[in-house]
Amino acid sequence: MIKIRHFALLLSFTLAFSFLFLMVEGKETTYGTNFRFSNEFSSQDAFKSLNQIYSSYPSHTDIPKANFTGTYNVTLFVNPDNAEEVIFRYLSSAQSSVFVSMYTISRPDFNQTLIDLKTSNPSINISVLISDRRVGSTENRDTAAAAQSLVDTGIPVFSSTTDDDKVDGFYHAKYWIIDGKHVFVYSGNWSPRSVTPYEETFSSSEGNRDMGIAVHDAPDIAQFFKNEVWEKDVAVANVWSTTAIKASLNKFNSSKVSLKINSPQLYSPIFNSTNIMGEMTLSPMFTPDNALDIHKAWIDSATSTIEIQNQYITQFDDNVPWDDDPSPLVRSLVNAHNRGVQIRIQVNEDSDSDDISEYLANKGIEVKWMGNSSSSTDGWLSDTHNKLLIIDGEATLLSSINFGENGFTNNREAGMVIQNTNVANYYLSIFDADWIDGEIPPYVVITDTTTTTEEPITSPYSWIAVLISFFSIKIIRRQKK
């Protein structure tokens, strides 16, 4: 009888631990009908799973994940402090080529600069790719006018494909390649709000917080952007139609435009651009091909701090409430907080931010809004159009990607991961200043700030293990009788 009891006891524990092992090893999370993904990135196939599952259409590109490691020279810049000076300085100095991918061109001296380059140097190769549509009617009108003025000067303009089998969203990327060796990646459009002029007579009513990076003398990275992305996007694009809105061309006949300033004062620049040359790893990322995987992997890798500054954070499924985890990235942020990572998130103050701000705050995550009222420090800097993620003060993710379903799964977006502490410190110093000047959402009440190191066991396997143990004990007791 003793041997039978021992055998039953051994069998019960073996089966119980086997089921518990299966529960942990194959841990998955399901969001609605299509929201299923692996928590592990142990292989290349697993690493690609998020983009494959969430994307609503098959991308016409299969952009590889590439890491460029070496000594690189980069310029870091920020709007409204210094973006105008940096961007126009390099753009106006182009010698052989300029290739642009831009969502909106609504500041007229951008297309005028390209026209001047072509006029003074007819052999220069300039081409522009724009989204075939934009959210706002004003953006559509102004970008159409800019495109037409370029075409009239002999500069090719392409609008993104409208083929439903190739794209289901906007071409929202903001990058450009100069002379085959300088690559600019930016969160903002070529607009007065995202590349803000210094002159009071040439400004919009408000300025955006945007961030960018220019990688210099890097033909390897420039070739990657051009061959893997720009040329493939142009290959399926449409040549700009001459039926653009002619009436708006008058706006672009002048190199400057006067727009009314509604705020009582202009923003006083605080930050300078900076050049950093050093050892770093640069990793381009694009949607819908790989950026969702990359963002989640970096969030999952965080051990100490995460800073996020983004225009907004929205659900991947509008029909699923936040409590049901309708976003793999927000789930990763909550998990990071639960394992002790300090997280700060800053978004715009608007109705789109209400639900997520309250949800994150109630999970114990610090959330602030970008202040929308003028003050002695922010002037008329009231919106963050930025798309920034900093991990552990070491890795910086800059892109055009808003934290929502369209940004990660439907649109063409572009970004860069920069692994360098000095680079991270530059952007972190700006984030810290905006954080101090930010606003705590007034309605947020933190109801649960408890942190745990492990997620609760909710898998059905755990109940199977409990039942096995229960019946095994019953067998042992019966044998004792």
| Matching option when the condition is part of a loop (DSSP other than H, G, I, E, B), at pLDDT 95 or above and at negative phi, among Ser123, Ser205, Ser194, Ser127 | Ser123
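Is it the case, given these coordinates, that Thr396 is at pLDDT 95 or above and within 28 Å of Trp230 (Cβ to Cβ)? Give the steps one after another, and end with the answer.
On the way: at pLDDT 95 or above: yes; within 28 Å of Trp230 (Cβ to Cβ): yes.
When the stated conditions are applied, Thr396 passes them.
Mind checking which strands (runs of 3 or more DSSP E) fall wholly inside segment 275-382 and carry at least 3 residues that are at pLDDT 95 or above?
Details: elements: 305-310, 342-348, 366-370.
Where strands (runs of 3 or more DSSP E) fall fully within segment 275-382 and carry at least 3 residues being at pLDDT 95 or above, they are 305-310, 342-348.
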| task | Please identify the pairs in which a residue from segment 86-111 that is under 22 Å from Tyr171 (Cβ atoms) has its Cβ atom under 7 Å from the Cβ atom of a residue that is at pLDDT 95 or above and hydroxyl-bearing (Ser, Thr, Tyr), counting only partners at least 6 apart or on another chain. | result | Leu91/Thr113; Phe99/Ser127; Ser101/Tyr175
| message | Restricting to segment 264-274, name every residue that is in contact with a helix residue (DSSP H, G or I) (Cβ under 9 Å, 6 or more places away or on another chain) and in a loop (DSSP other than H, G, I, E, B). | response | Ile270, Phe271, Ser273
| said: Go through (1) surrounded by fewer than 24 Cβ atoms within 10 Å (Cβ to Cβ); (2) modelled with pLDDT of 95 or more for Asn410 and report which single condition fails. | reply: (2)
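Of everything in segment 394-416 that's part of a strand (DSSP E or B) and in contact with an Asp or Glu (Cβ under 8 Å, 6 or more places away or on another chain), which residue is farthest from Asn189 (Cα to Cα)? Spell out how you get there, then give the answer.
Filtering segment 394-416 for residues part of a strand (DSSP E or B) gives 395-399, 403, 412-416.
Applying the additional criterion that residues be in contact with an Asp or Glu (Cβ under 8 Å, 6 or more places away or on another chain) yields 399, 412.
Details: Ser399: 12, Arg412: 14 Å.
The qualifying residue farthest from Asn189 (Cα to Cα) is Arg412.
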| Given Thr396, Thr421, which one is touching a Gly at 6+ places or on another chain (Cβ under 8 Å), within 24 Å of Ile276 (Cα to Cα) and among the β-branched types (Val, Ile, Thr)? | Thr421
| note | Condition set surrounded by fewer than 14 Cβ atoms within 10 Å (Cβ to Cβ) and in a loop (DSSP other than H, G, I, E, B), scope segment 221-244, selection modelled with the lowest pLDDT: answer is Thr243
| request: Could you tell me which residue of segment 134-190 is farthest from Ala214 (Cα to Cα), considering only residues that are at pLDDT below 80 and in contact with an Asp or Glu (Cβ under 8 Å, 6 or more places away or on another chain)? | output: Thr162
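For segment 215-242, name all the residues that are in contact with a His (Cβ under 6 Å, 6 or more places away or on another chain) and within 25 Å of Asn79 (Cα to Cα). Quick ask: steps written out before the conclusion?
Going residue by residue through segment 215-242, those that are in contact with a His (Cβ under 6 Å, 6 or more places away or on another chain) are 216, 236.
Residue satisfying the conditions is His216 alone.
The values are calculated or read from the model by the stated rules, or taken from the named source; none is laboratory data. Since this is a predicted model, take the numbers as computed values, not measurements. With ideal geometry, Cβ positions are generated from the backbone for all residues, glycine too; neighbour counts draw on all protein chains shown.
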